[in-house]
Amino acid sequence: MTEVLTPSNPLSSPVPLIDLTAQYRMIQHQITSAVQRVLSSQCFILGDEVNELECDAAQYCDAQDAIGCASGSDALLLSLMALDVGPGDEVITSPFTFFATAGAIARTGATPVFVDIDPETYCISPGAISDAITSRTKAMIPVHLFGQCADMDALQRLSVKHDIPIVEDACQAIGAEYGGRKAGVLGATGCFSFFPTKNLGGAGDGGMITTDDPELSKRIRRLRVHGDVGGYTHQELGINSRLDALQAAILRVKLPLLDQWSDARRTNAERYRQLLSDRGLLDDLELPVEKSYGKHVYNQFTVRIRGDRRDALVKGLRERQIGCNIYYPVPLHLQKCFEHLGYEAGDMPESESASHEVVSLPVFPELTEAQAVRVVDALAQTLASINRASTVAFPFTIPQIKAA
Ligand SMILES: *Cc1c(COP(=O)(O)O)cnc(C)c1O
C-alpha cells in the first residue's frame with residue numbers, strides 16, 4: 001500500500017516529486033463526464049473534441065492556429081518537416097534538454113548542431129548560436145527549459161538576420177511569457193507536450209503545434225495524416241500523428257485551470273526562496289533565476305549545488321523520502337547515439353557542469369506549505385552532513401603543487 005498524504009499527517013509522509021492524484025481528485029467529476037461524452041460518441045480520433053481544444057489552445061496562446069498531434073516529440077518533428085528540414089541540413093539546438101528535441105532533428109535526416117547554454121537560465125546561449133550558423137543551417141530550436149523562455153529577442157534578431165526560422169520547444173513552458181507574449185508565438189511554430197507531468201498534462205501522450213503562418217498550419221495538418229490532402233490523395237509523405245478525442249476532452253477540462261496551477265507553481269517557488277534564505281542555505285544552493293523579460297511557470301524548480309556534492313544531496317533527499325530528479329544527467333552531445341557527430345567531453349562546458357550540478361525539487365501546484373517545509377528540512381539536514389563530511393575528510397588546506 002502506498003501511504004496516503006493527508007493534511008493531518010504531512011510531516012511523516014514522503015513528499016513526491018509530483019503528485020498527479022491531488023489534481024485529479026479536484027476535477028474527477030468533470031474528467032469523468034468528459035470521458036463519458038467521448039465514449040458515448042464513439043469518435044476517438046481528431047473530430048470535434050480536438051477541434052475545440054485547438055481553438056481554445058490557439059486562443060490561450062494568442063496564436064492564429066493550433067494543431068493537435070500525438071506528442072510533443074511529434075510536434076517538433078512535424079514542425080521541422082513543414083519547414084522542409086531534411087538530409088544535408090543542420091538544426092541548431094541545446095544539448096541540455098530532453099532527448100526529443102534533438103531526436104526530432106535527427107529523425108528528419110538533418111544534423112543536430114549543439115551549442116552551449118547560458119548558465120543562468122540553462123537555455124540556449126544566443127552568442128553561441130551565432131558562431132554555429134552555417135550555410136546549411138535550416139532552423140533553430142530553443143528550448144524554454146524548466147518553464148522559462150529562452151532569450152528570444154536575441155534569437156529573433158539572429159533569425160531575421162540569417163533568415164533561419166525558429167521552432168520553439170515549449171513542451172515545458174505552456175503559459176510562460178516573454179515580453180508579454182505567450183510561449184508558442186515567438187517563432188515560426190511552438191511545440192507543446194501534454195505528457196502527464198507537463199504543466200498541462202493529459203491521460204497519456206498528446207501534443208500541439210501553434211503557428212501564425214497559415215501555410216505552415218495547412219501543411220502540418222496534412223503531414224499529421226500521412227500527407228493526405230483529402231480523398232486518399234498524397235502529394236507528400238507525412239506521418240500518423242493525431243490527437244485522441246479522449247485526450248482532447250480531458251485537456252479541455254484542464255486548460256481553463258492552467259493559469260491558476262501556474263500561479264500555484266510560482267507561489268511554491270517563492271516559498272522555497274523564502275524558506276531556503278531563512279535557513280541560510282543559499283551559500284550552498286543556487287536557485288532558479290527569473291529573468292525580467294518574462295514569466296516563469298516552473299515545470300521544474302531546479303537548484304544547483306557546485307562542486308561534486310550533487311549526488312550526495314540526491315541520496316540524502318531520497319533517504320529522507322523527498323522526491324527529486326536530475327534533469328538532465330547526460331547532455332545530448334555526449335549520448336551514445338550521437339557519437340558519430342564527433343562531440344567530446346569538454347565541448348559544452350556549461351551544459352556539462354549543469355548536468356553534474358542540478359537537481360529538481362517538488363513544485364507541483366498542490367504541494368502544501370508543510371510539504372515545502374519538509375523538503376527544506378531535508379535539504380538542510382543533508383547539506384549539513386555533506387559539509388561536515390567534507391571538513392572531516394579535508395581538515396587542512398591542500399598545498400598547491402607546483403609544476404616542476
Ligand atoms: C516532454 C518534452 C518533449 C517531448 O514531449 P513528449 O510529449 O513526451 O513527446 C520535448 N521537449 C521537451 C523539452 C520536453 O520536456
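Since every read-out is calculated from the coordinates, none of them should be taken as a lab result. Fair warning: this is a prediction, and the values are worked out from it, not measured in the lab. Cβ coordinates were reconstructed from backbone atoms using ideal geometry, including for glycine residues, and neighbour counts include every protein chain displayed.
Here are a few things to note about the model shown:
- Screening G109 on (1) assigned to a helix (DSSP H, G or I); (2) more than 19 Å from R304 (Cα to Cα) shows it passes everything except condition (1).
- The set of residues in the range 126-154 that are part of a helix (DSSP H, G or I), closer than 24 Å to T108 by Cβ and within 16 Å of the ligand (Cβ to nearest atom) comprises L145, M152.
- Within the range 34-61, the set of residues being outside any helix (DSSP H, G or I) and touching a Lys or Arg at 6+ places or on another chain (Cβ under 7 Å) comprises I45, L46.
- The range 138-177, subset over 18 Å from the mean Cα position of the chain (by Cα) and among the polar types (S, T, N, Q), residue surrounded by the fewest Cβ atoms within 10 Å (Cβ to Cβ): Q156
- Residue match in the range 62-73 (condition: within 15 Å of the ligand (Cβ to nearest atom), hydrophobic (A, V, I, L, M, F, W, C) and in a loop (DSSP other than H, G, I, E, B)): yes
Yes or no, residue by residue, for (1) among the hydrophobic types (A, V, I, L, M, F, W, C); (2) without any contact (Cβ under 8 Å) to a residue 24 or more places away in the chain; (3) within 21 Å of S193 (Cα to Cα); (4) in contact with a helix residue (DSSP H, G or I) (Cβ under 8 Å, 6 or more places away or on another chain):
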| residue | (1), (2), (3), (4) |
| --- | --- |
| Y298 | no, no, yes, yes |
| R306 | no, no, no, yes |
| V314 | yes, no, no, no |
| N325 | no, no, yes, no |
| H333 | no, no, no, yes |
| K336 | no, yes, no, no |
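- V229 over 15 Å from C123 (Cβ atoms), surrounded by fewer than 17 Cβ atoms within 10 Å (Cβ to Cβ), away from the ligand (no atom under 11 Å from the Cβ) and among the aliphatic types (A, V, I, L, M): yes
- Selection from the range 201-214 of residues that are under 19 Å from I31 (Cβ atoms) and away from the ligand (no atom under 11 Å from the Cβ): A203
- The listed residues are R242, R221, and the only one of them that is touching a residue at least 24 places away in the same chain (Cβ under 8 Å), assigned to a loop (DSSP other than H, G, I, E, B) and in contact with a strand residue (DSSP E or B) (Cβ under 6 Å, 6 or more places away or on another chain) turns out to be R242.
- The one condition from (1) over 27 Å from D62 (Cα atoms); (2) within 16 Å of the ligand (Cβ to nearest atom) that S241 does not meet is (1).
- Leading residue by the ranking (nearest to D74 (Cα to Cα)) among those in the range 95-111 that are away from the ligand (no atom under 12 Å from the Cβ) and of a type in the set (G, A, S): A106
- Any hit, the range 279-292, residues being β-branched (V, I, T) and under 30 Å from L223 (Cβ atoms): no
- Here L53 meets each of (1) away from the ligand (no atom under 16 Å from the Cβ); (2) buried (at least 16 other Cβ atoms within 10 Å of the Cβ); (3) hydrophobic (A, V, I, L, M, F, W, C) with one exception, condition (1).
- Some residue of the range 191-209 being part of a helix (DSSP H, G or I) and touching a strand residue (DSSP E or B) at 6+ places or on another chain (Cβ under 8 Å): no
- Extreme residue, nearest to A82 (Cα to Cα), among residues of the range 168-190 that are away from the ligand (no atom under 15 Å from the Cβ) and in a strand (DSSP E or B): K182
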